[in-house]
1. Using all alpha carbons of region 75-151, what is the percent of pairwise distances in each 10 Å bin, ordered from the shortest bin to the longest?
2. Mean shadow of the chain, computed from the convex hull of its alpha carbons, in nm²?
3. Amide H to amide H under 5 Å from Ile75: which residues, 5+ apart in sequence or cross-chain, H placed 1.01 Å off N in plane?
4. Quote the FRET efficiency, to the nearest 0.05, computed for Gln53 versus Ser101 with a Förster distance R0 of 30 Å and r equal to the Cβ-Cβ distance.
5. Roughly how big is the chain's charge dipole about its Cα centre, with Cβ charges of +1 (Lys, Arg) and -1 (Asp, Glu), in debye to the nearest 20?
6. Restricting to Cα pairs below 8 Å that are 6+ residues apart, what does the relative contact order work out to for region 12-55? Please round to a whole percent.
7. If exposed means no more than 16 neighbouring beta carbons inside 10 Å and the site is in a DSSP loop, what's the longest run of the chain without any exposed GluC sites (Glu not before Pro)?
8. Once R0 is set to 45 Å, what does the formula 1/(1 + (r/R0)^6) return for the Cβ-Cβ distance between Arg142 and Arg66, expressed as a FRET efficiency to the nearest 0.05?
Amino acid sequence: MVTLTKTFDISHLVRISKKKNLKLNMLMCYCIGQAASAIREFYLLPQKDKMLQYDTLAVNVIVPNRQGGINSCDIHVTEDLQQFNHDYLELTKSVAENCESSFREDDMVIGTSTMPATELNCIVNQYTELFSNPMVMWGKYRKHLWKTMVPVSFQFHHVQMDGMDAARFLEKLQETINTLTI
């Protein structure tokens, strides 16, 4: 596994979140899905001695449940922000209430993990054969004058993509964040 880190300017997403009353985490996940969908390597998943290819993507979010634990929730990536928001709200609510994870077996899943209460510089997962999916992680955002910044860690399997593809994804993610329209 390889990890790249980059600090993102999410000022535009914060304004949209406040103006349209949308969850910032949902907007980040939506932008991750949109940026990843433009890069063919995201549709590939290394599994032991095979490379699986998927037709569709999902973004996984970690959901705090009503019992104080956490569960996973996969949200299908769609170009339609309203549909993605609807799915995000419905699925995360259901997972939180039922304390049961929700997985999409037919989608290539991009993991996300956010710790909004903690100001982090970098997050690195330890590699395990069970999870070779790409992972995007971030902590609490930081306000700097007129900008809102957040460091993001992107971990990926080097068999899935090389560093240039990963860097292209990070650039595409910032572009998607900057140009999101509602």
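The values are calculated or read from the model by the stated rules, or taken from the named source; none is laboratory data. Owing to the predicted nature of the structure, the values given are computational and were not obtained by experimental measurement. Glycine gets a Cβ as well: all are built from the backbone with ideal geometry, and neighbour counts include every protein chain shown. Side chains are part of the model used for accessible areas, which takes the heavy atoms of the whole protein and leaves out ligands, DNA and RNA. Shrake-Rupley method; radii C 1.70, N 1.55, O 1.52, S 1.80 Å.
1. The calculated distribution, bin by bin, is 15, 34, 40, 11, 1.
2. Numbers: hull surface 40.7 nm².
Taking a quarter of the hull surface, the average projection is 10.2 nm².
3. Those lying under 5 Å, H to H, from Ile75 are Val59, Asn60, Val61.
4. Values: r = 24 Å, r/R0 = 0.81.
The value I calculate is 0.80.
5. Working: 18 positive and 20 negative charges, 204 e Å.
Dipole magnitude for the chain comes out near 980 debye.
6. Values: 21 pairs, mean separation 8.8, N = 44.
Taking the mean separation of contacting Cα pairs over the length of region 12-55, I get 20 percent.
7. On the way: sites that count: Glu79, Glu100, Glu105, Glu119, Glu129.
After excluding every exposed loop site, the longest remaining stretch is 1-78.
8. On the way: r = 30 Å, r/R0 = 0.68.
Between Arg142 and Arg66 the formula returns 0.90.
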